[in-house]
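To start, the structure itself, in structure tokens.
The values are calculated or read from the model by the stated rules, or taken from the named source; none is laboratory data. All of these numbers come straight from a predicted model, not from anything done at the bench. Cβ: placed from backbone, ideal geometry, glycine included. Neighbour counts: every protein chain shown.
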Amino acid sequence: MSGKLYVVPTPIGNLKDMTFRAVEVLQSVDLILAEDTRTSGKLLKHFEIATPKRSYHKFNEHKILSQLISQLEAGSSFALISDAGTPAISDPGYLIVHEAINNGISVETLPGATAFVPALVNSGLPNDKFVFEGFLPVKKGRQTRLKFLQAEQRTMIFYESPHKLQKTLQDFITYFGADRKASISREISKLFEENLNGNLEELAQHFEEKKPKGEFVIVVAGNKSL
């Protein structure tokens, strides 16, 4: 009988966001696949989880995938975790989930932390319909994507790193307009969590005066002029 792959979200900041069920699964599986075993090691130690772990990240996932699938087919149970949040959401995970399903292996994803949901709710922008864009292309395809999104009427959600935040905000002003409503959330659930609301020009001005730090979620209103 085939084993099982569990996809387990981990806290994006406050360790108290870890669920009881997530701890139980991580304690019960044969192996934990971790994006960075050093980062995850701190979390596992905190919750007294002694399950063996193995690195699984974007640089080795293609190389070790067939071996992992064979082990699952032989009856092993794995838990997949990323450094923070839900695996496969702008993190490694899609590939092994896709292959497990294609090979008839059971996959179970636990509910839990992910950064864009609290950021969307905190934004105060319409959240009945939205589109998650994640990280924009850095160079190739960036302008094409932004031009495409000019007509997007749903609320848009983006991830961004601190050193690229200002460029991205300036690009948004160029393609969406300076007065487009938006929200920026950083360090969600951490000690220095911050949620800012305004238009794109106001938000860009804020981070011209204050150096960006942490990881950012940008929520931008859709185009209401169409």
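Does residue 178 satisfy the criteria of being over 29 Å from residue 14 (Cα atoms) and without any contact (Cβ under 8 Å) to a residue 40 or more places away in the chain?
yes
Regarding residue 140, is this residue among the charged types (D, E, K, R), surrounded by fewer than 17 Cβ atoms within 10 Å (Cβ to Cβ) and assigned by TED's automatic domain parsing to the domain that holds residue 168? Reasoning before the result, please.
Numbers: among the charged types (D, E, K, R): yes; surrounded by fewer than 17 Cβ atoms within 10 Å (Cβ to Cβ): yes; assigned by TED's automatic domain parsing to the domain that holds residue 168: yes.
So residue 140 passes the test.
Condition first: among the hydrophobic types (A, V, I, L, M, F, W, C), in a helix (DSSP H, G or I) and touching a Pro at 6+ places or on another chain (Cβ under 9 Å). Now tell me which residues in region 25-72 satisfy that.
First, pick out the residues of region 25-72 that are among the hydrophobic types (A, V, I, L, M, F, W, C): 25-26, 29, 31-34, 43-44, 47, 49-50, 59, 64-65, 68-69, 72.
The next check asks that each one be in a helix (DSSP H, G or I); those that pass are 25-26, 43-44, 64-65, 68-69, 72.
Scanning region 25-72 gives a single hit, 43.
Restricting attention to region 115-132, and to residues there that are of a type in the set (S, T, N, Q) and not in a loop (DSSP other than H, G, I, E, B), which single residue is surrounded by the most Cβ atoms within 10 Å (Cβ to Cβ)?
Here the residue is 123.
Quick one: how many residues across region 135-152 are touching a residue at least 24 places away in the same chain (Cβ under 8 Å) and within 21 Å of the chain's Cα centre (by Cα)?
6
So how many residues does region 39-73 have that are closer than 17 Å to residue 9 by Cα and out of contact with any helix residue (DSSP H, G or I) (no Cβ under 9 Å at 6 or more places or on another chain)?
The qualifying residues number 6.
Mind listing whichever residues of region 91-114 are assigned to a loop (DSSP other than H, G, I, E, B) and either over 20 Å from the mean Cα position of the chain (by Cα) or within 24 Å of residue 223 (Cβ to Cβ) (or both)?
103, 104, 105
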